[in-house]
Amino acid sequence: MVKNIYLIVILFVSVVQASNVVIQRYLVSANFDCNPISYLDKTGISNGLNKEISELPKNGKLIEIENKSTVSNKDDAKHELIVKRISFGLILAIILILLGFIWVWYLYLQIKKKTRSINLKNQELQKSEEKLRIITENSYDVIYQLDSNFNLTYVSTSDERLRGFKKEEIMGNSLFSILKPEGIELIKEANKKRMIDFRNGITEQPPLTYEVEERCKDGSWIWVEATASAHFDDDGKISGYTGVSRDITERKRTEQLLNEQENQLRELISTKDKLFSIIAHDLRSPFNAILGFSDLLIENTKDSNADESKAYLKIINSSAKSTLILLDNLLNWSKSQTGQIIFEPEKTNLSDVVREVLDMSNSIAKLKNISLNYIQTDDIEVYADLNMLKTILRNLISNAIKYTHLNGKIDISSVRNQNKTEITVSDNGVGMSEETRNRLFKVETNNTTSGTQNEKGSGLGLILCKEFVEKHGGEIWVESELGKGSTFVFSLPIGKVDK
């Protein structure tokens, strides 16, 4: 800066000197001089004047010569004033020009400084943008921008790695085009709440975080966790959104697995509690009956008649069979819960299995004078595990006997329905309400009730039936009305089913 000022001063002095030279040359060219004697000498007037003076006494022109000299002096003074004014004007003009030049030079330096500063900032901005671009393109998370209508105005290249879409394939499309209906509804509700809060004066709002499923280019779906911030214009309306989303599919799968394991653990705890309840209470009743009537037989061996003893023995036999069924259910159920049960399906004649189970259940039914009827149509073969099929039929028939009044009846029938066989066990017993029907087949809500003759039960029978039927790929359901009996129906495949 000092060097520049020094050059300007030298330039100023040079210009002043040059201006003086110019003025002098101008005066010479115009026959003017600041010195009148010099002027007279240069023009020859001085020599002529001296000559005339020396001749004055002879021709009487002295006064005229003196007057001319006076006029010449006045003209010289006038010319000198003009020269001074011209010089002052020129110098002033030169000074003004130099000041203007200095001002222009100062502006130039300031502009140059500003330009250099702007260039440095632009370079820093470019570096920052380059860093941001590198971070954006190499980030696993997807960075996106939306307009006020939820149309994508920007999406980072990581979206191609995540969902398979290129920028040109997704830009300008609506965000809702890649969401499921429940995701669209979630975002709309959150945005609606945000606008209500803004109108109520809550201007500083945290970013909105939500979890939705997004569609990939190949048609599959992934879970993403997105965080979005809204931008508002001067009128308080949303002008757009900026957000970041990341893939949380694996996390969702882990959460689902944990939930399933938690449910399984609850079921196991419920199973354990149910098992202890059965062992503590349900097994006591049949053993009490067996011990009680056997004691009566022992004590009254001599006094009792044959008919009375026979009646006692029937009760003991029935209780023993009920206990056997209960123990068998406990064993099968424990194996089923621990994954130890063996499933070996094969072609089986259904009629043979039904008759075998009816023979085992007939003695219990006779205690209540209940008739067991097998309505046979054609011989039907099913593809089933023999032991499981017997357990299903035994439990359904035993359940029907329990809730059927004295002198009632129970019908067993089967019918082929396309590639499945439907087996029905119906009774004309007490029936059940809708609330009771909804609690069936569930360990956590299954509460057994006493039968028509105060028979006890564990409630495990129907649960086992459901598990074993589903093991075959079939279904089980019940149709019942309170006071009008119940009808249990289950289906089994005719042929082999891939499990």
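The values are calculated or read from the model by the stated rules, or taken from the named source; none is laboratory data. Every value quoted in this text rests on a predicted model; they were computed, and no experiment measured them. In this analysis, Cβ positions are derived from the backbone assuming ideal geometry, glycine residues included, and neighbour counts consider all displayed protein chains. Note: areas computed on protein heavy atoms with side chains; ligands, DNA, RNA excluded. Shrake-Rupley method; radii C 1.70, N 1.55, O 1.52, S 1.80 Å.
The table below gives the values:
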{"item": "Scope the stretch 207-231; condition surrounded by 13 or more Cβ atoms within 10 Å (Cβ to Cβ) and not hydrophobic (A, V, I, L, M, F, W, C); matching residues", "result": "Pro207, Tyr210, Glu211, Glu213, Glu214, Arg215, Lys217, Glu225, Thr227, Ser229, His231"}
{"item": "Which numbered condition Ile178 fails, given (1) open to solvent by 50 Å² or more (accessible area, probe 1.4 Å); (2) in contact with a strand residue (DSSP E or B) (Cβ under 9 Å, 6 or more places away or on another chain); (3) within 20 Å of Gly240 (Cα to Cα)", "result": "(1)"}
{"item": "Long-range neighbours under 8 Å by Cβ, at least six apart or interchain, first residue within 10 Å of Ala226 (Cβ to Cβ) and open to solvent by 70 Å² or more (accessible area, probe 1.4 Å) within the stretch 238-257, second acidic (Asp, Glu) and assigned to a strand (DSSP E or B)", "result": "Arg246/Glu225"}
{"item": "Test for Thr421: is it in contact with a strand residue (DSSP E or B) (Cβ under 6 Å, 6 or more places away or on another chain), outside any helix (DSSP H, G or I), at pLDDT 90 or above and over 22 Å from Thr348 (Cα atoms)", "result": "no"}
{"item": "Residue satisfying condition, being over 30 Å from Ile238 (Cβ atoms), modelled with pLDDT of 85 or more and touching a helix residue (DSSP H, G or I) at 6+ places or on another chain (Cβ under 8 Å), within set Leu120, Leu109", "result": "Leu109"}
{"item": "Strands (runs of 3 or more DSSP E) (entirely within the stretch 199-282) containing at least 1 residues that are at pLDDT 90 or above, of a type in the set (Val, Ile, Thr) and over 18 Å from Ser148 (Cα atoms)", "result": "208-215, 221-232"}
{"item": "Subset tally (residues that are part of a loop (DSSP other than H, G, I, E, B) and open to solvent by 50 Å² or more (accessible area, probe 1.4 Å)) for the stretch 341-379", "result": "8"}
{"item": "Per-region count, the stretch 380-413, residues assigned to a strand (DSSP E or B) and open to solvent by 10 Å² or more (accessible area, probe 1.4 Å)", "result": "5"}
{"item": "Filter pass, Leu186 being open to solvent by 40 Å² or more (accessible area, probe 1.4 Å) and either within 25 Å of Ile238 (Cβ to Cβ) or in contact with a helix residue (DSSP H, G or I) (Cβ under 6 Å, 6 or more places away or on another chain) (or both)", "result": "yes"}
{"item": "Selection from the stretch 154-182 of residues that are modelled with pLDDT under 90, part of a strand (DSSP E or B) and not hydrophobic (A, V, I, L, M, F, W, C)", "result": "Tyr154"}
{"item": "Which numbered condition Leu109 fails, given (1) touching a residue at least 24 places away in the same chain (Cβ under 8 Å); (2) more than 23 Å from Asp247 (Cα to Cα); (3) open to solvent by 70 Å² or more (accessible area, probe 1.4 Å)", "result": "(3)"}
{"item": "In the stretch 468-496, the residues that are at pLDDT below 90, within 45 Å of the chain's Cα centre (by Cα), part of a loop (DSSP other than H, G, I, E, B) and of a type in the set (D, E, K, R)", "result": "Lys496"}
{"item": "Single residue of the stretch 194-206 satisfying the filter (free of Cβ contacts under 8 Å to residues at least 12 places away in the same chain and either in contact with a Phe, Trp or Tyr (Cβ under 6 Å, 6 or more places away or on another chain) or within 24 Å of Ile143 (Cβ to Cβ) (or both)) that is most open to solvent (accessible area, probe 1.4 Å)", "result": "Glu204"}
{"item": "Meets criteria (in a strand (DSSP E or B) and modelled with pLDDT under 90) for Tyr144", "result": "yes"}
